[in-house]
Structures are given as C-alpha cells and as structure tokens.
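A.B. asks: Got a structure for you, written out below as structure tokens; questions coming shortly.
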Amino acid sequence: MDERIKHVGILGGTFDPIHCGHLLAAEQAREQAGLDEVWFMPTHIPPHKTRDGLTDAATRLEMVELAVADHESFRVTDVELRREGPSYTYDTIVQLVEQYPDCRFSFIIGGDMVEILPKWYRFEELSRMIRFIGLARPGADIDRVPNETVTFVEMPVWDISSTLIRMKAAEGQSIRYLVPRSVERYIKENGFYA
C-alpha cells in the first residue's frame, strides 16, 4: 500500500437520523477493506428518495458529527450539503478527487444496491474513478452479482432503519442503543421526530 495515498471510504445517506447500523457498516468496511478513514456524507437532496419532511441539513449534519466524534478514523464531509440540487455520486466524486488528490476513494453501499449500480448516473465514468464496497449480509448470494467493480465485506445482520427510529421517537418509545447516546440526547433535547 502506497504510504502517500490515503484510502478513504465514503458512506453517504440522508442520516435522518444517523444510527448504530450506519456506524457498524462504516467500521466493518474500514476494517475489512483496509480503509484509513471513513467519511460520512449527508446528502442534500437524494435523487432516489421522495419522502416529504426531510429534517433540515444543518440538523442532520450535527447529528452525524455527534455520532462520529469519538472515532479517530471517522470524519464528516458536508460537500453535498453545500451544493444545490440533487446529490449525484458522480458529481460528488469528481469534486472530491479534484480537491483531495492524495486520497483514493471508495464508496460504501448496501449489498442490495449492487444490482442497480449500472443504472446510477454516469456509472461507467464513476467506476473508473473509485471502487465500490458492498456490505454483504450473511448468506447473501453475492456470486450472482456480475460486478467486478465491487469489493464485498461481511456485514452482520441488524435490521435497523432511520424510519424505525423516527417512528419510535414519534410514539415516545426508547431509541436507546439504536442511535449513539449523544444523538439520542440531541433528538430528545430538541424534540425531533416527536
């Protein structure tokens, strides 16, 4: 491995809110794919999501910053939040590659996303700039996915989602252990999702 090149994994998402499943995925990718750092990248307007009532960008960014504060290899980038319009991975990677020439980037995705990768905006060009790290659940049939641009890492099964957390918070139920303690406090103190 070239010492001058920093290997960085990008984990993008709305993070509304960020939860322990996101952190676990980042850690598994970091360790198994030999990444130096994982950068969490909240999206501005995800092109594939249409949910109304997306929490404002500053709040989502703050929750991510709280969640990763105690991990020496986790960082937060607001590159997509500073850009107007939909957040296309291609545009973001072009910007990051230009801005950080000493970094080699990988994009971390759920194993279920691998099959639709070829439909991503400017996928061919994107796949020449970065590698993809696919999170494979135990028992997933990754051999049937004909995609040489993806490195798979094992991801423990943990059925958790931001939707579940918003629902529990709205109903006044506990979200402890689903989100980091700092994020749980932030959500409660500010009355988010209630």
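Please treat every number below as a calculation from the coordinates, not as lab data. Here the structure is a predicted model, which means the values were calculated and not measured. Cβ coordinates were reconstructed from backbone atoms using ideal geometry, including for glycine residues, and neighbour counts include every protein chain displayed.
A.B. asks: Could you give the size of the charge dipole of the chain about its Cα centre, using +1 on the Cβ of each K and R and -1 on the Cβ of each D and E, expressed in debye and rounded to the nearest 20?
C.D. replies: It comes to approximately 360 debye.
A.B. asks: Just from its helices, what would the mean residue ellipticity at 222 nm be for the chain, if runs of 4 or more DSSP H residues each count -39500 (n - 2.57) and the sum is divided by every residue, rounded to the nearest 500 deg cm²/dmol?
C.D. replies: After summing the helix terms and dividing by residue count, I get -9500 deg cm²/dmol.
A.B. asks: Kirkwood hydrodynamic radius, computed over distinct alpha-carbon pairs, for the chain: how many Å, to one decimal?
C.D. replies: Across the chain, the inverse of the average 1/r is 17.4 Å.
A.B. asks: Farthest toward the dipole's positive end in the chain, which of Phe105, Val76, Gln173, given Cβ charges of +1 (Lys, Arg) and -1 (Asp, Glu) about the Cα centre?
C.D. replies: Going by the Cα projections, it comes out as Gln173.
A.B. asks: Amide H of Trp39: which non-local residues (sequence gap of 5 or more, or other chain) have their own amide H closer than 5 Å, using H built in the peptide plane?
C.D. replies: Gly9, Ile10, Leu11, Arg75
A.B. asks: How large is ³J(HN,Hα) for each residue in region 162-174, as worked out from phi by the Karplus curve 6.51 cos²θ - 1.76 cosθ + 1.60 (θ = phi - 60°), to whole Hz, x for Gly and Pro?
C.D. replies: 5, 4, 4, 5, 4, 5, 4, 4, 5, 8, x, 8, 5
A.B. asks: Write down Rg/Rh for region 26-130, rounded to two decimals, with Rg from the C-alpha atoms and Rh from the Kirkwood relation over Cα pairs.
C.D. replies: For region 26-130, the value is 0.94.
A.B. asks: A further question on this structure: Could you pull out every one of the aspartates and glutamates with an alpha carbon less than 20 Å from that of Lys168, ignoring same-chain neighbours closer than 8 positions?
C.D. replies: Leaving aside aspartates and glutamates fewer than 8 places away in the same chain, those within reach of Lys168 are Asp16, Asp52, Asp56, Asp159, Glu184, Glu189.
A.B. asks: Here's a follow-up. Please compute the length gained on full extension between Lys119 and Glu31, using 0.36 nm multiplied by the number of residues separating them and subtracting their Cα-Cα distance.
C.D. replies: 28.8 nm
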